[in-house]
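The values are calculated or read from the model by the stated rules, or taken from the named source; none is laboratory data. Computed from a prediction, not measured in an experiment: that's the story for all the values here. All Cβ positions, glycine included, derive from the backbone under ideal geometry; neighbour counts span all protein chains shown. Protein only, heavy atoms only, side chains kept; ligands, DNA and RNA dropped before computing areas. Shrake-Rupley method; radii C 1.70, N 1.55, O 1.52, S 1.80 Å.
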Amino acid sequence: MSYEYSPTGVCAQKMQFDVNDGIVKDLKIVGGCAGNGVGIARLVEGMKVSDVIERLESVRCGGRPSSCPAQLAQALRAVNN
């Protein structure tokens, strides 16, 4: 199933991804640092949603309370309930 998420408090403007049988597929991060977005997408491709959430939910960006990886974890948590 395809999802779209609008992160808050970070540079990225949108996250689009599929979840099939609990596995993350086809993540695209719009806005923010292009290299980080592509890197995150490649790293989480094929991973279990629960593993991505566990690994990324506590990542922070500088002094910000969140980060693009943490926002992805939040998006996945929302669709995994």
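Odds and ends about this structure:
- Convex hull volume per residue in cubic angstrom - Cα atoms of segment 19-63: 74 Å³
- Solvent-accessible surface of the chain, taken per residue with a 1.4 Å probe and all protein chains present: 60 Å².
- Dipole magnitude for the chain: computed about the Cα centre from +1 point charges on Lys and Arg Cβ and -1 point charges on Asp and Glu Cβ, it is near 260 debye.
- Helix-only [θ]222 nm of the chain, DSSP H runs n ≥ 4, -39500 (n - 2.57) each, per residue, nearest 500: -12000 deg cm²/dmol
- For the chain, the residue among Ser6, Leu43, Gly31 whose Cα projects farthest onto the positive side of the dipole built from Cβ charges is Gly31.
- Per residue, the average separation of C-alpha pairs within less than 8 Å and at least 6 apart gives the chain a relative contact order of 26 percent.
- Two-decimal Rg to Rh for segment 38-81 - Kirkwood Rh, Cα set: 0.96
- Cα-Cα pairs of the chain separated by more than 19 Å (percent): 24 percent
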